[in-house]
Every structure is written in C-alpha cells, then in structure tokens.
1. Name every residue in the range 61-87 that is over 12 Å from the mean Cα position of the chain (by Cα) and open to solvent by less than 20 Å² (accessible area, probe 1.4 Å), in order of residue number.
2. Which of the residues belonging to the range 100-122 are open to solvent by 70 Å² or more (accessible area, probe 1.4 Å), of a type in the set (Ser, Thr, Tyr) and assigned to a loop (DSSP other than H, G, I, E, B)?
3. Which of the residues belonging to the range 28-74 are under 17 Å from residue 90 (Cα atoms) and part of a loop (DSSP other than H, G, I, E, B)?
4. Answer yes or no as to whether residue 85 is assigned to a strand (DSSP E or B) and in contact with a strand residue (DSSP E or B) (Cβ under 6 Å, 6 or more places away or on another chain).
5. Looking at (1) under 23 Å from residue 119 (Cα atoms); (2) crowded, with 17+ Cβ neighbours inside 10 Å, find the lone condition where residue 51 falls short.
6. Of all residues in the range 7-24, which are more than 17 Å from residue 70 (Cα to Cα) and open to solvent by 30 Å² or more (accessible area, probe 1.4 Å)?
7. Residue 46 fails exactly one of the following numbered conditions: (1) within 16 Å of residue 114 (Cα to Cα); (2) at pLDDT 95 or above. What is the number of that condition?
8. Has the range 88-97 got any residue that is in contact with a Leu (Cβ under 9 Å, 6 or more places away or on another chain), modelled with pLDDT of 90 or more, of a type in the set (D, E, K, R) and open to solvent by 20 Å² or more (accessible area, probe 1.4 Å)?
Amino acid sequence: QVQLAESGGGLVQAGDSLRLSCAASGLPFSYAMGWCRQAPGKEREFVVAISRNSGILYYADSVKGRSTISRDNAKNTVYLQMNSLKPEATAVYYCAAASGPVMVPTSTPDYWGQGTQVSVSF
C-alpha cells in the first residue's frame, strides 16, 4: 500500500521559512515527485516537481526563486524548502507521486498525500 505522509506545515509570519517533508512508503522511488497546493476557495495549483533522478526540476512562477525541492532516495523522502513566505502562500500543501521519470503541470499523479496546512500571517 502506497502512502505519502507530509509534515512540516504550520503557522508562520511573512518572511519566515518552512521546510515540508513527504515520506513515501510502499512506492518505488523511481517515481517523479511533486507538491501541489490548494488555497481556500481556489483550485489545486501545481507548484514544484522533481524527476526521479533529481535532474529535472519544475517551479511555478509563484514560488520560483524562493522555494527549493529536493529528494533523498535513500530515505524515500522529498523536501520543499520555502523561504521568504508571503501570505498568499497560505494553502494546504499536498505531496504527489507520478509514474514516469518526470512530472509536469499537466501530469496526473498516481498518488496523493493527505496534505499539510501552511498558514502565513501578515
């Protein structure tokens, strides 16, 4: 059974940093991994992705320059480091896994985590 378990969310102030983690179990870590987020009243937004060998990275314009995705295949864990957070980053962040070497915004992930709440105050 595949499980993606996110952690690291919380309430922070604008300008602070957070590191989200996604621990995968039961998943061949050859999958591409990514993070999506859904803000209140908005559709789910695809924000970052990393290929299975970490060679290809994707960042949405909304997070580019302030976020870094990485993965540790030995630990079956993907990380999302977010710096200089803005209130508009407030959302539930979901970890996603897709079969194949890369994940792009039009990909349909095969697996989703339960999500972790990130709240950024003014």
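1. Within the range 61-87, the subset over 12 Å from the mean Cα position of the chain (by Cα) is 61-62, 64-66, 72-76, 83-87.
Hit for the range 61-87 is 85, nothing else.
2. 106, 108
3. If the condition is that a residue be under 17 Å from residue 90 (Cα atoms) and part of a loop (DSSP other than H, G, I, E, B), then 39, 40, 41, 42, 43, 44, 60, 61, 62, 63, 64, 66 are the ones that fit.
4. Numbers: assigned to a strand (DSSP E or B): no; in contact with a strand residue (DSSP E or B) (Cβ under 6 Å, 6 or more places away or on another chain): yes.
Spelling it out, it is not the case that residue 85 is assigned to a strand (DSSP E or B) and in contact with a strand residue (DSSP E or B) (Cβ under 6 Å, 6 or more places away or on another chain).
5. Of the numbered conditions (1) under 23 Å from residue 119 (Cα atoms); (2) crowded, with 17+ Cβ neighbours inside 10 Å, the odd one out for residue 51 is (1).
6. Kept after step one, since they are more than 17 Å from residue 70 (Cα to Cα), are these residues of the range 7-24: 10-16.
Within the range 7-24, 11, 13, 14, 15, 16 meet the criteria.
7. Checking residue 46 against (1) within 16 Å of residue 114 (Cα to Cα); (2) at pLDDT 95 or above, the one that fails is (2).
8. no
The values are calculated or read from the model by the stated rules, or taken from the named source; none is laboratory data. Bear in mind the structure is a predicted one, so any value in this text is a computation, not a measurement. We place every Cβ from the backbone using ideal geometry, glycine too, and count neighbours over all the protein chains shown. We work out accessible area using only protein heavy atoms, side chains counted, and drop any ligands, DNA or RNA first. Shrake-Rupley method; radii C 1.70, N 1.55, O 1.52, S 1.80 Å.
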